[in-house]
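To start, the structure under review is shown below, and the notes come after it.
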Amino acid sequence: MALLPLSDAKARLLSRAVPLTDVEHVPLGEAAGRILASDIAANLTQPPFDASAMDGYALAAADAPEVGSELDVVGSAAAGHAFDGRLERGQAVRIFTGAPVPEGADTILIQEDAERLDGDRIRTTFAVTRGRHIRPRGQDFAKGEIVLKAGTLIDFSHLTVAAAMNHPTLPVLRRPKVAILATGDELVQPGGNPAPDQIIASNTFGVAALVRDNGGEVLDLGVAPDRVDAIEAAIKRARDAHADILVTLGGASVGDHDLVQSTLKSVGMELDFWRIAMRPGKPLMVGSLGDMHVLGLPGNPVASMVTGMLFVEPLLRRLAGLPERRREVDGITARTLAPNDQRQDYLRSRITRDTDGNLVADANAKQDSSMMKIFAHADGLIVRAPHAPELAAGSPCKILLIRPFD
């Protein structure tokens, strides 16, 4: 079977991805990072009254026609404690920021512009202007006004205004559920005691973090040994939980001990493609089992993480209704790179900036797909197209960022 070009593989994967439309109502404190499922209108008017924007004195501008006008202070108003009454001619109320403007007042004289006199009186020391320092009722939003639109990716600013609109919960799109299954007799969970021929299972934790970082919910199916019945039982758990995506880790090839692909086919998976023209990550499998997307990632940890970034992430974001995450940026290679073969290559690299502000990627000399330490210390991956010629040090290159780089 010929290797499928990576661009074709991604296009085929995403062509079958339909954004989820199921709606959940969640408390405000749990809504950050979710997608708003419907328009949100204000349940009240904000501010609900004409409010003072400054500490000072509420009065009628007509009662202070010139600097030096004197007025009687007949009470006070603070946020949450309105003045009970109406101002008459020549009267003022001591007022604080956020307090309702008393009836009969039409301006605020800030406290710095008032001289206090004996007998609860003040004298103006600055010209008074009608309407000054008053936030009019409804200045922010009016009851019934649509303030947040469906499709909004909710952040701290949206939560603030939603709370002010008196919404204790918000309707959001359901998060895609991703079932993750690691397979292999050689795998032992972290904290266990591996036999001499076993290793610690690590891929699940990286993929799960990637899922959560891209709006998904994780169902960890644990580690299945290399037995058909164990793999079938794990697949059934994913289907019973109505997972949107099943991600398998390892065993998707067709060797004597690679049982994942054959077992999935036996329970009805339609195989779309496997074996991609990329390194690391060639033995990637993509298919579907009913409505559930199936992605079989390679068992080598780095290959698993790279294919997770390139395939799991965009599929998940498409289902979740999130905008595409653009990881690819322009940069410069720090060292000469050898000609490439027929597979698209992703070289783990440390990134710095030169004096002109360009990103400079220095590819590690070792690129074995089992070496996790190098991946953890890398900032990005130099992208080498299939059959790319030698690339001299200092030449432009494409970089796939593993994490944001300042």
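The values are calculated or read from the model by the stated rules, or taken from the named source; none is laboratory data. Since the structure is predicted, the reported quantities are computational estimates derived from the model, not experimental observations. In this analysis, Cβ positions are derived from the backbone assuming ideal geometry, glycine residues included, and neighbour counts consider all displayed protein chains.
If we scan region 144-152, do we find a residue that is of a type in the set (D, E, K, R), part of a loop (DSSP other than H, G, I, E, B), within 30 Å of ASN43 (Cβ to Cβ) and without any contact (Cβ under 8 Å) to a residue 12 or more places away in the chain?
No.
Mind listing just one residue for me: the one in region 121-143 that is part of a loop (DSSP other than H, G, I, E, B) and among the polar types (S, T, N, Q) and, of those, nearest to LEU322 (Cα to Cα)?
The qualifying residue nearest to LEU322 (Cα to Cα) is GLN139.
Taking the condition of being touching a His at 6+ places or on another chain (Cβ under 6 Å) and among the β-branched types (Val, Ile, Thr), how many residues in region 31-86 meet it?
0
Looking only at region 378-406, how many residues end up being surrounded by fewer than 11 Cβ atoms within 10 Å (Cβ to Cβ) and either within 26 Å of ASN214 (Cβ to Cβ) or under 26 Å from the mean Cα position of the chain (by Cα) (or both)?
Residues meeting the conditions: 3.
Name the one entry in GLY75, GLY104 that is surrounded by fewer than 19 Cβ atoms within 10 Å (Cβ to Cβ), in contact with a Leu (Cβ under 6 Å, 6 or more places away or on another chain) and at pLDDT 95 or above.
Checking each option against the conditions leaves just GLY104.
Test PHE141 against the stated conditions and say whether it is of a type in the set (Phe, Trp, Tyr) and touching an Asp or Glu at 6+ places or on another chain (Cβ under 9 Å).
No.
So in region 77-111, with the set limited to residues that are of a type in the set (Gly, Ala, Ser) and closer than 17 Å to ALA60 by Cβ, which one is nearest to the chain's Cα centre (by Cα)?
Only one residue tops the list, namely ALA99.
Within the group LEU148, LEU153, LEU187, which residue is surrounded by 13 or more Cβ atoms within 10 Å (Cβ to Cβ) and in the same structural domain as PRO301 (by TED's automatic domain parsing)?
Result: LEU187 is the single residue among LEU148, LEU153, LEU187 that is surrounded by 13 or more Cβ atoms within 10 Å (Cβ to Cβ) and in the same structural domain as PRO301 (by TED's automatic domain parsing).
Name the one entry in LEU316, LEU310, LEU337, LEU322 that is buried (at least 24 other Cβ atoms within 10 Å of the Cβ) and within 26 Å of ILE276 (Cα to Cα).
Selected residue: LEU316, the only one of LEU316, LEU310, LEU337, LEU322 that is buried (at least 24 other Cβ atoms within 10 Å of the Cβ) and within 26 Å of ILE276 (Cα to Cα).
Could you please find all residues in region 342-360 being surrounded by fewer than 20 Cβ atoms within 10 Å (Cβ to Cβ), hydroxyl-bearing (Ser, Thr, Tyr) and within 26 Å of the chain's Cα centre (by Cα)?
Within region 342-360, THR352 is the sole residue that qualifies.
Please list, ordered by first then second residue, the pairs with beta carbon atoms under 8 Å, 6 or more apart or interchain, first in region 120-140 and under 15 Å from SER52 (Cβ atoms), second among the β-branched types (Val, Ile, Thr) and in a loop (DSSP other than H, G, I, E, B).
From region 120-140, the pairs are ILE134/VAL101; ARG137/THR45.
Which residues, taken from region 106-143, are in contact with a Phe, Trp or Tyr (Cβ under 7 Å, 6 or more places away or on another chain) and among the charged types (D, E, K, R)?
Once the filter is applied, which keeps residues that are in contact with a Phe, Trp or Tyr (Cβ under 7 Å, 6 or more places away or on another chain) and among the charged types (D, E, K, R), region 106-143 yields ASP113, ARG137.
Among the residues of region 39-52, write down those that are over 19 Å from THR160 (Cβ atoms) and surrounded by fewer than 18 Cβ atoms within 10 Å (Cβ to Cβ).
The answer is PHE49, and nothing else.
Can you find a residue that is modelled with pLDDT of 95 or more, among the aliphatic types (A, V, I, L, M) and touching a Lys or Arg at 6+ places or on another chain (Cβ under 7 Å) anywhere in region 117-136?
yes
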